[in-house]
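Note sheet for the following structure.
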Amino acid sequence: MKKILIVWALSQELNPIKKEIKNNKFNDIKLSFLSVWIWNYNMILNLTKFLEKEGKFDFIINIWVCWYKKNKLDFIQIARILNLSNNDELIIPTLIKFWDLTSILTSDNIISDNKILKDEEYVDMEAYWFEKVCESFKIPRVILKIPVDKIGDETKNFDYKKAEKYLSKNINYKKLLEIIEEYLEKNNFWNIDLSKYNNYFWFSFTQELIFKKLYNKYEVLTWKSFENYFYDYTRSLKEIKNTKQESRKFLNHLDKYLEDK
């Protein structure tokens, strides 16, 4: 049974969306729902507490609204996040391709002047922090945003009814869950305990994804114990001083090794 968590902001919008999802039955999926409330700190606190209490999920979906500058799509899939407060950029692992991939700006405050966005078309208040929490727990995820309010007067007077309508109707939830289920089926080697290797190199979440695919490829192509390869590679490493550099070198070495098989 695959455990999938769906995260929203406001509880009043959750019921019609739950109904939309539960109209389609999935035998091998257990769905959980979490309303974290609005604002970035609520996202951090409530999502973290929930994951600590409920344990690991196979996949997390974050769906909520965002603001737009001029033009908008019915909904977008986030591939890149720029934090307005510190100019930090996050690239989201594209584990599934559900809709148009785009960039979004995350702001600590409500935006009423679209000049602040510069080259960005969309802005929200939670995506950056959702990604940070999921990265820390190393859980596969996707962020979907529905543009509702145009920056200006609409952002000052949020239309809850319009948001509820768009969240209920703009996304094909059956198709979304089918794509995620297919992804989880193809990557069923998630259950292999690779913590020994992950901890040795201090892989990031994205690097863990890459390593799991390479590990699986190694098992299929060589029919040998990966432990032998790992031992041969690491016995010359007395001490890892730069984990980022060494982890990249290791993954590149393994990738090139498998190219010759």
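What the table below lists for this structure:
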item	result
In sequence order, calculated HN-Hα J values of region 47-57 (Karplus, 6.51, -1.76, 1.60; Hz; x Gly/Pro)	5, 4, 4, 5, 5, 5, 7, 8, x, 7, 9
Choice from 123, 133, 65 with maximal GNM fluctuation in the chain (Cα, 10 Å cutoff)	133
Degrees between helix 173-186 axis and first principal axis of the chain (Cα, 0 to 90, nearest 10)	10 degrees
Percent of beta bridges antiparallel (DSSP, region 57-126, rounded to nearest 5)	40 percent
Top positive-direction residue, dipole computed over the chain with Cβ charges, set 257, 221, 177	221
Charge dipole (debye, nearest 20) of the chain; +1 at Cβ of Lys and Arg, -1 at Cβ of Asp and Glu	400 debye
Accessible-area ranking of 80, 141, largest first, probe 1.4 Å	80, 141
Principal-axis tilt of helix 127-137 within the chain, Cα atoms, nearest 10 degrees	30 degrees
Partners for residue 175 among aspartates and glutamates (Cα-Cα distance below 16 Å; same-chain residues under 8 apart left out)	20, 28, 74, 100, 185
On Cα atoms only, tilt of 205-222 relative to the major axis of the chain in degrees	40 degrees
Region 13-135, accessible surface, carbon-and-sulfur percent (1.4 angstrom probe)	48 percent
Accessible area per residue in Å² at 1.4 Å probe, computed on the chain	54 Å²
Computed over region 138-261: relative contact order in percent, which uses C-alpha pairs under 8 Å that are six or more apart	23 percent
Region 1-82: relative contact order as a whole-number percent, Cα under 8 Å and 6+ apart	43 percent
Summed side-chain charge close to residue 109 - residues other than residue 109 whose Cβ falls under 13 Å, Lys, Arg +1, Asp, Glu -1	-3
Sum of side-chain charges, residue 58 neighbourhood, beta-carbon under 15 Å (Lys, Arg +1; Asp, Glu -1)	+1
The chain: relative contact order in percent, alpha carbon pairs under 8 Å with at least 6 residues between	19 percent
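The values are calculated or read from the model by the stated rules, or taken from the named source; none is laboratory data. Quick caveat, the model's predicted, so the values are computed rather than measured. Using ideal geometry, Cβ is built from the backbone for each residue, glycine included, and neighbour counts are taken over all protein chains shown. Heavy atoms of the whole protein, side chains included, go into the accessibility calculation; ligands, DNA and RNA do not. Shrake-Rupley method; radii C 1.70, N 1.55, O 1.52, S 1.80 Å.
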